[in-house]
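The structure under discussion appears below in the form of C-alpha cells.
The values are calculated or read from the model by the stated rules, or taken from the named source; none is laboratory data. All figures in this text were calculated on a predicted structure; none of them were measured in a lab. All Cβ positions, glycine included, derive from the backbone under ideal geometry; neighbour counts span all protein chains shown.
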Amino acid sequence: MARTGEEQGAGLAVLFPLALACMLMQACNNGPQTISNNVSFKTRLSEYALFKGHMPDLVPAQDVVPIRIGSSLFTDYAEKQRLIRIPEGRKMRIQGGGLPVFPDGTLIAKTFYYSKAGN
C-alpha cells in the first residue's frame, strides 16, 4: 500500500532527529581534536607593545592601526578600542565574498574601557 505524503513527512520527522543524534554521538566518540601549530603567546599583554607612553592613555604604538567597524554592539556604555598590527612587509588580502585573510603573525586586539570623568 502506498504511503501518503503526510505519512512520509511524519517518517522523515522521526528519522531526521535520529540521524542527527547518531552523527553527533559519532563526533563525540572521536574525542577532542587537536590542531597542531606553532602558535605561542606571550605571558603578559604588555609584552605585545600595542601602546606607546602611559598604557592607560591607550595611545596605539606606531605600527598599530586603530580600526572602526560599521556596526557595534551595545556594551553597557563602555567604549571599545580595536587595534590591528600586521607584520612588517606583509599584507592583508581579500578572498571571495569580501572576507579578509590576515597573514600569519597578525595581532588583532579589542580593549573595553570607560572614559575618565570629564573627558
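On the stretch given as segment 68-106, residues that are surrounded by 12 or more Cβ atoms within 10 Å (Cβ to Cβ) and aliphatic (A, V, I, L, M) total 3. Pairing each residue of segment 95-108 that is on the phi < 0 side of the Ramachandran plot and touching a residue at least 24 places away in the same chain (Cβ under 8 Å) with any residue that is surrounded by 10 or more Cβ atoms within 10 Å (Cβ to Cβ) and not hydrophobic (A, V, I, L, M, F, W, C), provided the two are 6+ apart or on different chains, yields C-beta distances under 7 Å for Leu107/Tyr48; Leu107/Arg85.
Name the one entry in Ser40, Ser46, Ser71 that is in contact with a helix residue (DSSP H, G or I) (Cβ under 8 Å, 6 or more places away or on another chain) and modelled with pLDDT of 75 or more. Write out each step before concluding.
Working: Ser40 fails: in contact with a helix residue (DSSP H, G or I) (Cβ under 8 Å, 6 or more places away or on another chain); Ser71 fails: in contact with a helix residue (DSSP H, G or I) (Cβ under 8 Å, 6 or more places away or on another chain).
The unique qualifying residue is Ser46.
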